[in-house]
1. Treating the beta-carbon of each Lys and Arg as +1 and of each Asp and Glu as -1, no other charges, what is the dipole magnitude of the chain about its Cα centre, to the nearest 20 debye?
2. Once neighbouring chains are kept in place and the probe is 1.4 Å, which whole percent of the accessible area of segment 66-196 is contributed by carbon and sulfur?
3. Ordered by residue, what ³J(HN,Hα) values in Hz, to whole numbers, does segment 177-183 give under the Karplus form 6.51 cos²θ - 1.76 cosθ + 1.60, where θ = phi - 60° and Gly and Pro are x?
4. Using only the Cα atoms of the chain, each taken as one equal point scatterer with no solvent, compute I(q) by the Debye sum, divide by I(0), and report log10 of the ratio at q = 0.11 Å⁻¹.
5. Per the helix-only calculation at 222 nm, which mean residue ellipticity applies to the chain, given -39500 (n - 2.57) for every DSSP H run of n ≥ 4 and division by its residues, nearest 500 deg cm²/dmol?
6. For segment 147-196, what does the equivalent ellipsoid look like in terms of its semi-axes, each the square root of 5 times an eigenvalue of the Cα gyration tensor, given largest first in whole Å?
7. Please give the Cα centre distance for segment 68-97 versus segment 114-139, rounded to the nearest Å.
8. If the chain between Thr51 and Arg158 were fully stretched, how many nm would it gain, using 0.36 nm times the residue separation less the Cα-Cα distance?
Amino acid sequence: MGMSVDPAPDPTLSRLSAALGDLPKRGLPPVERWDPPFCGAIDIRIAADGTWHHNGSPIRRDKLVKLFASILRREPDGRTVLVTPVESVGITVEDAAFVAVEMAVDGTGADRRLSFRTNVDDLVSVDAEHALRFEEGPDGALKPYLHVRRGLWALATRALTYDLVDLAEERLVDGRPWLGLWAGGTFHTIAPVAAA
C-alpha cells in the first residue's frame, strides 16, 4: 500500500499562514481595517462547488481552507482577495465564496428565523445584514444566495434550494404578486408570479 505524502509547502501559502499566526482562534480577523499593498494575484480558485484549489489541485486541509476563508474580503472593484496585515493577494471565485450546506428553520410566516451553516463552518442567521437573494442560473435553475460577511455570499446547495422553495408563498410586493419567503422579519422575493 502506497503512502500519501503532502507536496512541498508553497511559499505563498506558507507566507500567508505565517502572517496570520493564530488569528482565527480569536475570532474573525479585522480585515476591513487592514490596508496592505496589493501584491498581485495568486493561483487560488474557489470552485462553484465550494472546493478550494491551489495550482490546479484541491486544498485538502480543512484547517487551511478555514484559515484562508477567514481572511477573504471583497474589494469595491469586485475583486476577491486574501488579506493579511502586510499583503493582499487576488484569487478567483467561480460563483460564490462559500456554500450554504445546512439550514435550521424556527417559526413560520413573518416570525420565521432561518439559520445556515456554510462549508467553512460560518453560522449565519438571515437578518437585515445577512439577506437572501435569488437568481436564475444560465440553465434556468434557481440559485439562492445568503450574504455571509464583507460582501461575500454563500450559494445554497441544491437540497437547501428545494427546502427554501418549500417555504415559499405568494405575496403582493408593490402591488404585484411575488413568490418569496419570510425570514428575519423580511419577505425575500424569489420570482414574480406569472399572470394566469
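1. Working: 22 positive and 28 negative charges, 99 e Å.
Rounded to the nearest 20 debye, it is 480 debye.
2. Numbers: 3300 of 6490 Å².
C and S fraction of accessible area: 51 percent.
3. Values, residue by residue: x, 10, 8, x, 8, 7, 6 Hz.
4. Results for the chain at q = 0.11 Å⁻¹ read -0.58.
5. On the way: 3 runs with 27 residues, N = 196.
Rounded to the nearest 500, the figure is -4000 deg cm²/dmol.
6. Values: eigenvalues 100, 40, 19 Å².
Computed over segment 147-196, the values are 22, 14, 10 Å.
7. Segment 68-97 and segment 114-139 have Cα centres separated by 18 Å.
8. Working: separation 107, 0.36 × 107 = 38.52 nm, distance 1.58 nm.
Roughly 36.9 nm would be gained on extension.
The values are calculated or read from the model by the stated rules, or taken from the named source; none is laboratory data. Computed from a predicted model, the values in this text were never measured in an experiment. Positions of Cβ are backbone-derived with ideal geometry, glycine not excepted, and every protein chain shown enters the neighbour counts. SASA here: full protein model, heavy atoms, side chains in, ligands and nucleic acids out. Shrake-Rupley method; radii C 1.70, N 1.55, O 1.52, S 1.80 Å.
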